[in-house]
Structures are given as structure tokens and as C-alpha cells.
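Everything below concerns the one structure shown next.
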Amino acid sequence: MKVAIVGSGYVGLVTGVCLADFGHEVVCVDNDQTKVDRLSRGEISIHEPGLGELIKSNLAAGRLSFTSALSEAVPTAEMVFISVGTPSRRGDGHADLSYVYAAAEAVAGHLSGFTVVVTKSTVPVGTGDEVARIVDSANPDADVEVVSNPEFLREGSAIDDFKRPDRIVIGIANERARTPMAELYRPLYLNQAPLMFTDRRTAELTKYAANAFLAMKITFINEMADLCEAAGGDVQQVARGMGLDNRIGPKFLHAGPGFGGSCFPKDTLALVKIAQDFGSPMRLVETTISINDQRKAAMSRKIVAACGGEVRRKTIGVLGLTFKPNTDDMREAPSIDIIGDLLDKGARVVAYDPQGMRAAAELMDNVEYAASAYAVAENADALVIVTEWNEFRSLDLARLRRAMASPVLVDLRNVYSYEEVAKHGFTYFSVGRPDGQDADPTVETAAE
Ligand code: UDX
């Protein structure tokens with residue numbers, strides 16, 4: 001099939017490249033000419049495992065191309081994806097739909113023949129109706145079906161998520177959109193991925209519901225971790241005991257410093273706003289947001305307490321800055337607030353992240369950046385693991401200990417156990433596990 005992708009950001013790029021890899025003929029459009037030129041040469045600026053290779057092989061096969069001109073992509077396309085950003089609107093937290101609507105209007109002028117226009121961007125319920133109205137008024141002769149097809153890609157494993165999805169949700173307003181959508185995803189349902197057809201509004205709601213539920217699940221286990229600390233208990237074993245129940249499942253039950261990223265914070269807020277507008281508030285999600293916001297300050301209090309109640313003029317080493325591993329994305333990363341708090345309290349902060357330091361330096365210029373975990377440890381009064389990159393899972397603890405001024409390890413991702421760090425002389429603080437008492441090392445972690 002001939003496919004145009006409007007917006008070559010994270011979601012658009014992954015979608016376009018994966019569809020090209022299925023054998024479709026894909027043209028990705030972006031109004032940033034520099035980006036288009038770079039992508040045309042196979043260069044990408046985001047860190048996503050496997051994406052660069054896939055771009056190069058599909059460019060070489062002639063199935064993928066990039067342009068800044070809608071006129072080169074849309075008229076011949078049987079399917080046009082809108083995958084532009086929907087950031088939080090400054091001031092009120094609603095999803096900002098101006099880019100989606102502008103794209104719909106621009107696309108409308110270039111449509112030719114029957115075309116399916118698919119909203120891939122995460123958009124609130126009712127957006128598909130508005131997109132259909134915009135296209136219709138901009139080009140009354142256009143023969144279009146507007147479809148909602150939300151993405152469920154995780155950064156760091158987006159290619160895999162696209163090629164092996166748990167499900168594909170497709171919201172259609174008319175039956176004639178069904179066949180082209182089924183044809184587009186044929187390679188996937190041959191692999192048994194369930195294709196779920198529903199109405200457009202339900203599809204839009206499903207995306208927000210899934211993200212809000214996952215955010216709630218993380219927040220639940222984070223509160224449970226606090227209770228474990230207060231009452232005595234081990235949150236990892238609680239999570240395992242819960243997760244073995246098929247109705248609950250083991251994933252997204254890993255306690256930590258709170259969720260961040262480009263999706264959960266923005267999508268939970270947008271859902272809360274739209275629900276309030278409809279007079280049907282989502283109170284669980286409202287509470288989830290406020291607990292998660294407060295959690296970052298609680299984490300910096302934990303670090304201060306680990307340092308004996310005072311961090312002024314102390315050196316705190318931070319390992320991991322991005323909102324999760326395997327990405328260079330710093331958006332809404334818990335590290336930002338935690339480090340901001342520590343700096344406010346007079347600490348000197350030295351940090352290292354395998355991929356995120358360039359983006360972090362743009363946000364935080366009063367942090368010193370080091371070249372490795374060991375360089376961070378140099379004369380540090382405490383080390384804090386904020387993001388669980390694999391390279392932090394097997395650090396040479398004896399070497400770290402020797403470099404540090406005082407052997408305090410605050411492990412906000414429960415990467416280590418008390419037993420393995422205590423034998424190197426560390427004082428150890430983790431999340432939701434008893435201090436000074438080892439979690440059963442034979443028990444594997446319950447979360448992903
Ligand atoms: C998320 C959704 O998973 C994806 O389906 C959607 O399309 C976009 O948003 P992503 O933002 O890439 O994907 O990150 P994800 O892996 O879901 O993690 C989100 C945040 O939750 C991270 O900050 C992570 O550290 C945190 N998290 C996740 C936990 O703290 N504990 C967990 O058990 C899982």
C-alpha cells in the first residue's frame with residue numbers, strides 16, 4: 001500500500017519505518033527540512049535501538065523516503081497518518097491539538113481519490129470527529145474515512161512493540177475503512193496480533209485508559225513501597241505475590257522514584273481534564289497524578305536522610321538521568337526534580353548517564369557531568385541510582401567504595417540487595433525494602 005506519514009517525530013518515524021519494513025511504500029513528511037535531509041541520509045538524532053538500521057535498509061530498498069512537501073506524499077497515498085505532537089497545553093493541561101488540526105487542514109488540500117486519514121497521535125475523545133469536520137470543510141470533494149489508531153509503543157523497545165504488539169486498536173466511523181486498515185496490518189495479524197475494530201471514540205478513550213491504568217499501577221506499588229518501609233515488609237516480594245495472580249500480572253509493579261516520560265504525565269493530565277469537561281471526573285487518575293508529583297520531593301528527602309539529614313556542601317553522585325533506561329529522553333524525568341531539590345539544599349551534584357547527558361545539560365547547567373559511574377563516585381558523600389541502566393547493575397562496588405568520601409548508596413530502582421552492597425561496606429537505602437535486611441536473593445524481580 002502507499003502510505004504517507006505526516007510528522008516524523010518519534011511515533012511517526014517508528015510507524016513509517018516499520019510499515020516500510022512490512023513492504024508498504026512509505027513517504028514520511030516533516031516540515032523541518034534539516035531533519036528531512038538527515039533522515040534521507042539515514043541519520044537519526046534520537047536513541048532508539050534498531051531504528052537506525054531499519055531506516056537504512058528500507059531507504060536502500062526504495063520503500064521509504066522523506067520529504068518536507070505534503071504535495072509529494074499525500075495525493076498518491078491510500079493512507080495518510082497524522083502523527084504530530086500533542087503536548088500539554090500551557091496553563092490548563094489539556095492536550096494541545098493545534099498541530100493535529102493544522103496537519104488535517106494541510107492534508108485535506110492534497111487529497112486525491114479515496115484516502116484513509118488515520119490519527120496516530122494520542123488525542124482526546126472526539127478529536128477524530130473534529131478532524132473529519134476540518135477535512136470536510138477544507139476540501140468538500142475529498143473522499144475520506146477518518147480512523148483512530150492509537151500507538152502503544154514504549155521508548156527503548158518501540159520497534160519490537162510495533163512488530164509484536166499485544167493488540168492493535170482501530171476506531172472506525174464507517175465500515176469501508178475496515179478493509180484497508182486490515183490490509184495495512186496484515187503482516188501483524190498473520191503473527192496472531194489481535195486486531196480490535198471499534199468505533200472512533202472508543203479507540204481514542206482506550207489509549208488514555210491504558211496509559212492511565214499503567215500509571216496508576218506504578219503509583220499503587222510506589223505507595224505500597226512506602227507502607228512496606230513504614231510497617232516492615234519487602235515491596236518486591238509483595239509485587240511478586242501480587243503479580244503471580246493472572247488477573248493482576250507482574251508488569252509495571254516495580255517501585256521507584258515515580259513515572260516520567262513523554263506520555264504518562266501528559267496523558268494522565270489530559271484524561272483528567274477531558275473527564276472533568278464531560279462532568280465525569282476520573283478521581284483515581286487525579287490522585288495518581290498528585291501522588292506521583294509528590295513522590296519526587298519524597299525521594300530527595302530520602303537522599304537527605306541517607307546523608308544524615310544534611311546535604312549542604314556535600315557531593316551527591318547521581319547515576320542515571322533519563323526517565324528510564326535505553327533512551328536519551330529527559331522529558332519529565334524524576335531526576336530533574338530530585339536534582340533540583342538537592343541543589344536547592346546546597347549540595348554539589350555530579351551526574352552520569354549513558355545517553356541522556358546532552359539533553360540533561362540543556363535543562364540543568366549547575367550540575368557537573370562525569371564520564372562514568374566511577375568518575376561520579378570520586379569523593380562523593382553519597383551515590384544515588386535514579387535510572388536503572390544495565391551498566392549500573394554490575395558495577396565494581398569495591399572500586400566505587402574506594403573512590404567515595406563516604407560509602408552511602410541510595411538505590412531508587414532496587415537494582416542491588418542489601419547483602420551484596422553491605423559486604424563492601426556500603427550503607428544502603430532502597431525503595432520499599434527493609435534497610436539492613438536482605439531481600440531473598442533467590443527471588444527474581446517481579447516487574448519487567
Ligand atoms: C508509555 C507506555 O508504556 C506506552 O504504551 C505508550 O505508548 C507511551 O507511554 P514510555 O513512556 O516509553 O511508554 O515508558 P514506560 O516504559 O511505559 O515507562 C514509563 C515510566 O514509568 C518510566 O518513568 C518508568 O521508569 C516508570 N515505571 C515503569 C516504573 O516506575 N515502574 C514500572 O514498573 C514500570
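By definition, a body whose alpha carbon gyration tensor gives a ≥ b ≥ c is oblate when a/c is 1.5 or more and a/b is not larger than b/c, and region 256-361 fits this oblate description.
Using only the Cα atoms of region 23-72, each taken as one equal point scatterer with no solvent, compute I(q) by the Debye sum, divide by I(0), and report log10 of the ratio at q = 0.16, 0.21, 0.29, 0.30 Å⁻¹. Values, matching the q order: -0.42, -0.73, -1.19, -1.22.
Ignoring lysines fewer than eight residues from residue 266 along the same chain, the ones with Cα atoms less than 22 angstrom from its Cα are 120, 207, 217, 251, 296, 324.
Judged by the gyration tensor of its Cα atoms, with axes a ≥ b ≥ c, region 73-220 is oblate; a/c meets the 1.5 cut and b/c is at least as large as a/b.
Quick one: net charge of residue 328's neighbours, Cβ under 10 Å, K/R +1, D/E -1? Here the count lands on -3. In plain terms, the chain from residue 133 to residue 422 could stretch by 97.7 nm, reckoned as 0.36 nm per residue minus the Cα-Cα distance. Under a straight-distance cross-link criterion of Cα-Cα below 19 Å, which aspartates and glutamates are reachable from residue 56, leaving out those fewer than 8 residues away in the same chain? Filter leaves 21, 25, 30, 37, 43, 48, 160. Taking only the Cα atoms of the chain, the ratio Rg/Rh comes out at 1.01, with Rh defined as the Kirkwood radius.
Could you compute the FRET efficiency for residue 405 and residue 40, with r as their C-beta to C-beta distance and R0 at 60 Å, rounded to 0.05? For R0 = 60 Å, the calculated efficiency reads 0.75.
Identify the residues of region 65-87 with backbone N under 15 Å of a label point that sits 7 angstrom from the Cα of residue 141 along the Cα-to-Cβ direction, or state none. Under cut-off, by backbone N: 75. Placing a label point 7 Å from the Cα of residue 68 along the Cα-to-Cβ direction, the residues of region 3-17 whose backbone N falls under 19 Å from that point are 5-10, 13.
Available extension along the chain between residue 179 and residue 287 is 34.8 nm, counting 0.36 nm per residue and deducting the alpha carbon span. Highest GNM mean-square fluctuation among 85, 241, 432, for the chain modelled with Cα contacts below 10 Å: 241. Just checking the listed ones, 312, 331, 348: in the Gaussian network model of the chain with Cα springs under 10 Å, the one fluctuating most is 312.
Applying both filters, DSSP loop and at most 10 other Cβ atoms within 10 Å, to the trypsin sites (Lys or Arg not before Pro) of region 205-270 gives 247. Hey, how many Å between the Cα centroid of region 375-415 and the Cα centroid of region 97-141? Measuring centre to centre over Cα atoms gives 50 Å. Packing around the peptides 135-144, 148-157, 285-294, taken as the average count of other Cβ atoms within 10 Å per residue, puts them in this order, highest first: 148-157, 285-294, 135-144. Of the residues 421, 225, 24, the one whose Cα sits farthest toward the positive end of the charge dipole of the chain, with +1 on the Cβ of Lys and Arg and -1 on the Cβ of Asp and Glu, is 421. Other residues whose C-beta falls under 15 angstrom from the C-beta of residue 171 contribute a net charge of 0, scoring Lys and Arg +1 and Asp and Glu -1. Computed from the C-beta positions of residue 223 and residue 32 and an R0 of 30 Å, the FRET efficiency is 0.10 to the nearest 0.05. Fully extending the segment from residue 374 to residue 213 would add 54.2 nm, taking 0.36 nm per residue of separation and subtracting the current Cα-Cα distance. Annotation: the antiparallel percentage among DSSP beta bridges lying fully within region 96-233 is about 10.
Only the coordinates and a few stated rules stand behind these numbers; no lab work does. Bear in mind that the values here come from a model prediction, so they are computed numbers and not experimental data. Because the Cβ atoms are built from the backbone with ideal geometry, glycine has one as well, and the counts that use them run over all protein chains shown.
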